[in-house]
Amino acid sequence: MNFNIETITPESAADLLRRNDNNRTLNDRTVKEYAKQMANGHWKLKGEAIRIDVDGNLADGQHRLAAIVKHGRPVEMAVIRNVAKDAIKTIDTGRTRTAADSLRINGYTGQLATISAAINVIRCFMNGT
């Protein structure tokens, strides 16, 4: 495997997305959110890699790549090439970070599960759901 930090242009993102035939369904809401973060300067290079298998097919990163296309500007991304073909079976299978986990990471203490549940209720109310 080869790991690099690369500048992904909208054109190179589109090329990689054309090699995306064995992935989960693209979620437009996620793409819009990522593109918004990129446009607002809030997107951070944090080590989450675009993964490309040994045959040049996209194994991970379709939402980030689609967001770059939508954003229309280059973004620096970690890229891992030559990932084993069957690695896609184990990508994104770890435990998802909860809202309480995010609060804790940001220095909050106390009844974090209760606080995160309250935030979720407020968010739903504000969104009309």
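Return the Rg/Rh value of the stretch 1-75, two decimal places, where both radii are evaluated on C-alpha atoms and Rh is the Kirkwood radius.
Working: Rg = 11.8 Å, Rh = 12.6 Å.
Expressed as Rg/Rh, it is 0.94.
Starting from the exponent 0.38 and prefactor 2.2 Å, build the expected Rg for the stretch 58-129 from its residue count and divide its actual Cα Rg by it.
Values: Rg = 17.6 Å, N = 72, 2.2 N^0.38 = 11.2 Å.
In units of the globular-protein estimate, the stretch 58-129 measures up at 1.57.
Take the solvent-accessible surface of the protein heavy atoms, probe 1.4 Å, and return the percent of it on the chain that carbon and sulfur atoms account for. List each step's numbers first, then the result.
Numbers: 4400 of 8890 Å².
Taking all protein chains in place, the chain shows 50 percent carbon and sulfur surface.
Taking amide H atoms as placed 1.01 Å from N in the peptide plane, list the residues 5 or more away in sequence, or in a different chain, whose amide H sits under 5 Å from that of Arg19.
The list, which skips near neighbours in sequence, is Leu58.
I want to verify the translational diffusion coefficient of the stretch 75-116 in µm²/s; compute it with Stokes-Einstein, Rh as the Kirkwood radius over Cα pairs, at 25 °C and 0.890 mPa s. Don't skip to the end; give the middle numbers.
Numbers: Rh = 13.4 Å.
Once the numbers are plugged in, D ends up at 182 µm²/s.
In whole percent, what relative contact order does the stretch 1-86 give with Cα contacts below 8 Å and a gap of six or more residues? Could you put the intermediate results ahead of the total?
On the way: 153 pairs, mean separation 42.4, N = 86.
Worked out over the stretch 1-86, it gives 49 percent.
Among Asn27, Ala87, Leu17, flag the residue with its Cα farthest along the positive direction of the charge dipole of the chain, charges on Cβ as +1 for Lys/Arg and -1 for Asp/Glu.
Most positive-ward Cα: Asn27.
Just the Cα atoms of the chain: what Rg and Dmax do they give in Å?
Rg and Dmax of the chain, Cα atoms, are 16.9, 49 Å.
Let's see if you can work this out: charge +1 on each Lys and Arg Cβ, -1 on each Asp and Glu Cβ, no other charges. What is the dipole magnitude of the chain about its Cα centre, in debye to the nearest 20? Kindly include the intermediate steps, with their values, before the conclusion.
On the way: 19 positive and 14 negative charges, 79 e Å.
Magnitude of the dipole: close to 380 debye.
Roll a 1.4 Å probe over the protein chains and send me the accessible area per residue for the chain in Å².
Working: 8890 Å² over 129 residues.
Solvent-accessible surface per residue comes out at 69 Å².
The values are calculated or read from the model by the stated rules, or taken from the named source; none is laboratory data. Every value quoted in this text rests on a predicted model; they were computed, and no experiment measured them. Neighbour counts run over all protein chains shown; Cβ positions are idealised from the backbone, glycine included. Ligands, DNA and RNA are excluded from the accessible area calculation, which covers all protein heavy atoms including side chains. Shrake-Rupley method; radii C 1.70, N 1.55, O 1.52, S 1.80 Å.
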